[in-house]
Amino acid sequence: MTSKQTYSVCFCWRRRFKLALAEAPSEIKTLFEEYSENEFMTPSHLKRFLVEVQRQEKATEEDAQAIIDSFRHFPRRGAGLNLETFFKYLFSDDNPPLLPSHGVHHDMTLPLSHYFIYTGHNSYLTGNQLSSDCSDVPIINALKRGVRVIELDIWPNASKDNIDVLHGRTLTTPVELIRCLRSIKDHAFVASEYPVVITLEDHLTPDLQAKVAEMVTETFGDLLFTPNSESVKEFPSPESLKKRIIISTKPPKEYLEAKEKEKGDDSQHEKEKGDDSQHGKALGEDEAWGKEVPSLKGGTIEDYKDYNVDEDLNDEEEFDESDKSHHNEAPEYRRLIAIHAGKPKGGLAECLKVDPDKVRRLSLSEQQLEKAAINHGQQIVRFTQRNILRVYPKGTRIDSSNYNPLIGWMHGAQMVAFNMQGYGRSLWLMHGMFRANGGCGYVKKPNFLLETGPDDEVFNPKAKLPVKTTLKVTVYMGEGWYYDFKHTHFDQYSPPDFYTRVGIAGVPNDTIMKRTKAIEDNWLPTWNEVFEFPLTVPELALLRIEVHEYDMSEKDDFGGQACLPIWELRSGIRAIPLHSQKGDKYNTVKLLMRFEFINN
C-alpha cells in the first residue's frame, strides 16, 4: 500500500511522491523464514529466535506466547506471528535496547565514593550563566530526570536579612532559597528513592548561615541526613541513605568574589576519528544541535607548558579550607554538612592526598582536571577510590554548554557536574550514562577504578589496553518522522534525505564516529549498513546514535539522537527510540538496529 504526498516546487507546478508503508528489511525476512514454518512463527519458533538471535537465554515458550498474544487484534490465519506482526514486534516499544525490568541491579551497599552520581551544575538557572532567570523549575525538571546532585549558590538578599539563590556577580535574577528547598523536598524522590545531595556554594555571613540551618532543618525534617561526627572515615552507602537529603559544602568564606581566570579555549573543533570527512560535511557545521564532543586525544605536557595547576587551584569555585572566616560560622550550620568540601593548601599534591581516617569532597574545573591528569592521572584515580571528586564546567561556558564527561569518569570522578538546562552532544552522553542501573541516578563504577594491585597500582587512564570485545552494529532502517514532524520540516520541496551517524564515546582509543549513506527522498529510510567498534574499555563506553537530514545548500537538519550505555545494551535486533536535542523522547521516531558482541 502507498499514498501520495505533494510538495510545491513553484507557483505553477507540484511534485508528487509515493509514501510507502514500512517493509521489513531483507535480513529480517531471511530470519523470519529461518525461524518459521508455513509462513508462521509459533511459540516454539519464537522462543528459539529469542534465545539464538536475541541472546535471551532465559526466554520460555510462555514468554513467546505472551508476545504472540499481544498481536491477537491483528488479523491472521494461524496461532503465531506472520512476517508483518513479527516485524511490528521487532519495531515496537516492547523490544527496547535496554531491559526496563532490570531496574536497579547494581550493588547499592558500597560507599558513595564507589558510584558515578548524576550531578547538576548551577541547577537553578533557566538558561545562560550571565543573564537568565533563577528559578526552582530547572531544579524540579532535573530531579524528575533522575539527577541526584543539585547545586545552589546562596547569597544575602538585597536587604541582607534573607537568603537568595543566584549566580553571583552576574545579571541573573534571584529566587528565594526557601522556594528551592521546598521544591527539592517535593520532587527529590519522584524518579529515584536514592539520596539527593545538595551542594551549597556559600557566600553568607554567620547569622545568615544560622538562618539557612533553620530553613534546611525545618523544611526537610527527618529526610535530612546529619552525620554523627564532623569527619567520617568512609562515606555511607546509597542503600543506607534511601530517601535522605544530604548537605555538602566547603568551609565558607564571607562574600568571596569569584575570579574567572580561564586561559585559552578547549578545542571544540577537534576532528573526529572515523569516516565523516569523506561525506563532504565538515563537523564544525553541526552548530544547530551543539558542537562535537571535545576529543580527549590531545593533552601533552607541551600543550600546557605555561599552565600551573597549583596556582590555579584556588582561583575557582572552591576556596581554601584553611580560610579563617569559617571559624566564625554558625555551629548549627556546620553540623548539617555531611560531605565536607574544600581544597587544602599546598597545591595539587596536597589536594590529592588520601587520609586513611577522613574522607572529603574535592572540586576541580574541567580545565584543572584535564591538566592535572597529564602527570597525576593515577593519583586522581587513587583519590577517588575513597574520596569524592566533583568536576565542574569552566567559567567561560556562559552559554550553559558542557564538556566531555569521559575525562571525569575515566579518572573515577563521581560528580561530573553538568549544566542540565544546557544542550548538545555532551549532555546527551550524560543522559546516556544515567540510563544505566534503572535510571536511579547512581551507577556503580567499574571494578578496575576501585581496585588496588599488589604493588599499590591503580588503573592508569593513559594506558593503551588490548581490545576486550567488539561491538558489531547493523543499522537497518528508521521510521516515525512522517508522524512527528511537519511534512515540510526537513525540506520544502521533497521528502527528507536521512543518514545515521553511529559511534562510541569512551576512553580515547575507543572513541570514533561513522556514518551511513544518505537515502534520498524517503520518510522510511533503509540503510542496511554494518559497523564494527573494537572496545578496550567497554565498561566506560557509550553508544552514540544520531540521525540527520542531508541538505546540500544549508546545515543538515537534526532528526533525532540516542545514547546508550554499552555495558547494559541487549544483544539482538532492537527498536531504538530517538530523542530531541533537549533529550525528550519523540512519540514515534525509532531506528531498527542489531547489536552483536564479538569476544576477542
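The values are calculated or read from the model by the stated rules, or taken from the named source; none is laboratory data. This structure is a prediction, so every number in the text was calculated from the model and none was measured. Here Cβ is always computed from backbone atoms with ideal geometry, including for glycine, and neighbour counts include all displayed protein chains. SASA here: full protein model, heavy atoms, side chains in, ligands and nucleic acids out. Shrake-Rupley method; radii C 1.70, N 1.55, O 1.52, S 1.80 Å.
Can you work out the FRET efficiency for the pair Asn375 and Glu457, with r the C-beta to C-beta distance and R0 = 22 Å, to the nearest 0.05? Before the final figure, lay out each step's value.
On the way: r = 17 Å, r/R0 = 0.77.
Efficiency computed from Cβ-Cβ geometry: 0.85.
Over the stretch 114-156, accessible surface divided per residue gives 23 Å², non-protein components excluded, 1.4 Å probe. His73 to Lys345: FRET efficiency via 1/(1 + (r/R0)^6), r the Cβ-Cβ distance, R0 56 Å, to the nearest 0.05? Working from the Cβ atoms, E equals 0.20. Between Trp567 and Thr30, full extension at 0.36 nm per residue minus the direct alpha carbon distance yields a gain of 190.5 nm.
Comparing Gly168, Ile178, Ala142 along the charge dipole axis of the stretch 142-215, the residue lying farthest to the positive side is Ala142, per the Cβ-charge model.
Given their separation in residues at 0.36 nm each and the Cα-Cα distance between them, Asn447 and Thr173 gain 94.2 nm when the chain is fully extended. For the charge dipole of the stretch 466-599, defined by +1 on Lys and Arg C-beta atoms and -1 on Asp and Glu C-beta atoms about the Cα centroid, which residue among Phe490, Ile512, Ile573 has the Cα displaced farthest towards the positive pole? Final value for the positive-end residue is Ile573.
Taking 0.36 nm per residue of separation and subtracting the current Cα-Cα distance, fully stretching the chain between Lys517 and Asn599 would add 26.7 nm. Apply the Debye scattering formula to the stretch 466-599, with a single equal point scatterer on each alpha-carbon and no solvent, then give log10 I(q)/I(0) at q = 0.09 Å⁻¹. Calculated log10 I(q)/I(0) at the listed q: -0.26. Based on C-alpha pairs under 8 angstrom that are at least 6 apart in sequence, the stretch 466-599 has a relative contact order of 33 percent. Residues Tyr482, Tyr35, ordered by accessible area of protein heavy atoms at a 1.4 angstrom probe radius and largest first, appear as Tyr482, Tyr35.
Largest accessible area first, the listed residues Arg148, Arg334 line up as Arg334, Arg148 when surface is computed with a 1.4 Å probe on the assembled protein chains.
Heavy-atom accessible surface of Leu427, to the nearest 10 Å², is about 10 Å², with a 1.4 Å probe and all protein chains retained.
Computed packing ranks the peptides 190-201, 441-452, 56-67, 211-222 as 190-201, 441-452, 211-222, 56-67, most packed first, by mean other Cβ atoms within 10 Å. Close amide H contacts of Tyr586 (hydrogens built in the peptide plane, cut-off under 5 Å, sequence separation of 5 or more or a different chain): Leu578, His579, Ser580. The separation of the stretch 100-177 from the stretch 30-79, counted between C-alpha centres, amounts to 47 Å.
Among 589-600, 497-508, the peptide with the highest mean count of other Cβ atoms within 10 Å heads the list, and the full ranking is 497-508, 589-600.
Of the solvent-accessible surface of the stretch 42-101, computed with a 1.4 Å probe and all protein chains present, 51% belongs to carbon and sulfur. Expressed as a whole percent, the accessible surface of the stretch 109-241 that belongs to carbon and sulfur atoms is 48, based on a 1.4 Å probe.
Basic side chains Lys and Arg get +1 at the Cβ, acidic Asp and Glu get -1 at the Cβ, and with that the dipole of the stretch 466-599 about its Cα centre reaches some 520 debye. When the surface is traced with a 1.4 Å probe over the full set of protein chains, Ser26 keeps roughly 80 Å² accessible.
Return one whole number: the accessible area per residue of the stretch 466-599 in Å², for a 1.4 Å probe.
Values: 4650 Å² over 134 residues.
On a per-residue basis, the stretch 466-599 sits at 35 Å².
May I ask you to derive the FRET efficiency for His489 and Asn528 from their Cβ-Cβ distance with R0 = 22 Å, giving the value to the nearest 0.05? Computed FRET efficiency for His489 and Asn528 comes out at 0.30. Counting only protein heavy atoms and a probe of 1.4 Å, the accessible surface of the stretch 466-599 is 47% carbon and sulfur.
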